[in-house]
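Peer 1: Sending over a structure as structure tokens; questions will come in a sec.
The values are calculated or read from the model by the stated rules, or taken from the named source; none is laboratory data. Treat the numbers as computed from the prediction; the structure is a model and nothing was measured. Ideal geometry is used to build each Cβ from the backbone, glycine not excepted, and the neighbour counts take in all protein chains shown.
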Amino acid sequence: NAGVTQTPKFQVLKTGQSMTLQCAQDMNHEYMSWYRQDPGMGLRLIHYSVGAGITDQGEVPNGYNVSRSTTEDFPLRLLSAAPSQTSVYFCASSLRGTSGDRTQYFGPGTRLLVL
Amino acid sequence: GDSVTQMEGPVTLSEEAFLTINCTYTATGYPSLFWYVQYPGEGLQLLLKATKADDKGSNKGFEATYRKETTSFHLEKGSVQVSDSAVYFCALSDPFNTDKLIFGTGTRLQVFP
């Protein structure tokens, strides 16, 4: 049971380049989300999904795109990287519903540097 | 909107000292409250949680009590260890969309032998 996995662990991009951060979970969780972590600002929600085919914006969605074609995968796309997107990105997943363990499980993170 | 405020760090303690990390929140409705811990180079892990007023969450010697009257959820541990050195995040679940978490800025704890 791998939990939540993220690739790559570290990436350097040039301004204007695009890339996809991968996130996968093997716990059959309906809810998946992407956060960015910046010094002094905690974690901020970028996008989230409550199931395959359903996505929505979080607090800081600009410059990012997501899709959810399967329950397991939730990739985050940077359309045209900017230095302001230099950050550590975390993916998380959880069950939904009103009962059971709805703890959010986090991946190990992807550290992104945009030059 | 809903928000979480944590004390700024770093908090520096000697081993076996008493730890308190303050957390207060602003929310409409009745959110669940959480403490997450992030060890160096890792993602966040749930440390403890409380889902209603006066509930006490506890785990690994850490405790926090959901205080509705003071809108607080302070984290405490009676005797810290070097291995407790990490960043601690207080969070609440959006009362109207309980899948979503709202995080504080995090408090770094450094414990020295």
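Peer 1: Among what's in region B:57-68 and is buried (at least 21 other Cβ atoms within 10 Å of the Cβ) and away from chain A (no Cβ under 14 Å), pick the residue that is nearest to B:Glu16 (Cα to Cα).
Peer 2: Among those residues, the one meeting the criterion is B:Ala64.
Peer 1: Could you list, in sequence order, the residues of region A:12-40 that are of a type in the set (Phe, Trp, Tyr) and more than 10 Å from chain B (Cβ to nearest Cβ)?
Peer 2: A:Trp34 - this is the single residue of region A:12-40 that is of a type in the set (Phe, Trp, Tyr) and more than 10 Å from chain B (Cβ to nearest Cβ).
Peer 1: Within region B:69-104, how many residues turn out to be over 19 Å from B:Lys52 (Cα atoms), surrounded by 20 or more Cβ atoms within 10 Å (Cβ to Cβ) and of a type in the set (Ser, Thr, Tyr)?
Peer 2: Looking only at that region, the number is 1.
Peer 1: Restricting to region B:35-59, count the residues that are closer than 23 Å to A:Phe106 by Cα, of a type outside the set (Gly, Ala, Ser) and modelled with pLDDT of 95 or more.
Peer 2: 6
Peer 1: Strands (runs of 3 or more DSSP E) wholly in chain B with at least 1 residues that are over 21 Å from A:Met41 (Cα atoms) - which ones?
Peer 2: By residue number, B:11-14, B:19-21, B:44-50, B:56-59, B:62-65, B:75-77, B:97-103, B:107-112.
Peer 1: Residue check, A:Thr5 against (1) closer than 13 Å to A:Leu112 by Cα; (2) in a strand (DSSP E or B); (3) among the β-branched types (Val, Ile, Thr), all met but one. Which one?
Peer 2: (1)
Peer 1: When you go through B:Ile102, B:Ile21 one by one, which is the residue that is out of contact with any helix residue (DSSP H, G or I) (no Cβ under 9 Å at 6 or more places or on another chain) and either closer than 23 Å to A:Gln57 by Cα or facing chain A (nearest Cβ under 10 Å) (or both)? So that I can check it myself, show each step before the final result.
Peer 2: Numbers: B:Ile21 fails: either closer than 23 Å to A:Gln57 by Cα or facing chain A (nearest Cβ under 10 Å) (or both).
Going through B:Ile102, B:Ile21 in turn, just one is out of contact with any helix residue (DSSP H, G or I) (no Cβ under 9 Å at 6 or more places or on another chain) and either closer than 23 Å to A:Gln57 by Cα or facing chain A (nearest Cβ under 10 Å) (or both): B:Ile102.
Peer 1: Can you pull out every residue in region B:1-13 that is exposed (fewer than 14 other Cβ atoms within 10 Å of the Cβ), within 13 Å of B:Leu109 (Cβ to Cβ) and touching a strand residue (DSSP E or B) at 6+ places or on another chain (Cβ under 6 Å)?
Peer 2: Passing the criteria: B:Pro10, B:Thr12.
Peer 1: Look through region A:61-84, keep the residues that are surrounded by fewer than 19 Cβ atoms within 10 Å (Cβ to Cβ) and closer than 26 Å to B:Pro40 by Cβ, and return whichever of them is nearest to the other protein chains (Cβ to nearest Cβ).
Peer 2: A:Ser84
Peer 1: Right, here's the next one. Specify the residue that is surrounded by the fewest Cβ atoms within 10 Å (Cβ to Cβ); the eligible residues are those in region B:24-50 that are without any contact (Cβ under 8 Å) to a residue 60 or more places away in the chain, facing chain A (nearest Cβ under 10 Å) and not acidic (Asp, Glu).
Peer 2: B:Gly41
Peer 1: In region A:9-23, what residues are in contact with a Cys (Cβ under 9 Å, 6 or more places away or on another chain) and aliphatic (A, V, I, L, M)?
Peer 2: Looking only at region A:9-23, we keep the residues that are in contact with a Cys (Cβ under 9 Å, 6 or more places away or on another chain), and these are A:21-23.
Passing the criteria: only A:Leu21.
Peer 1: Quickly run through region A:45-60 and pick out the residues that are crowded, with 20+ Cβ neighbours inside 10 Å and either closer than 19 Å to A:Lys14 by Cβ or among the aliphatic types (A, V, I, L, M) (or both).
Peer 2: A:Leu45, A:Ile46
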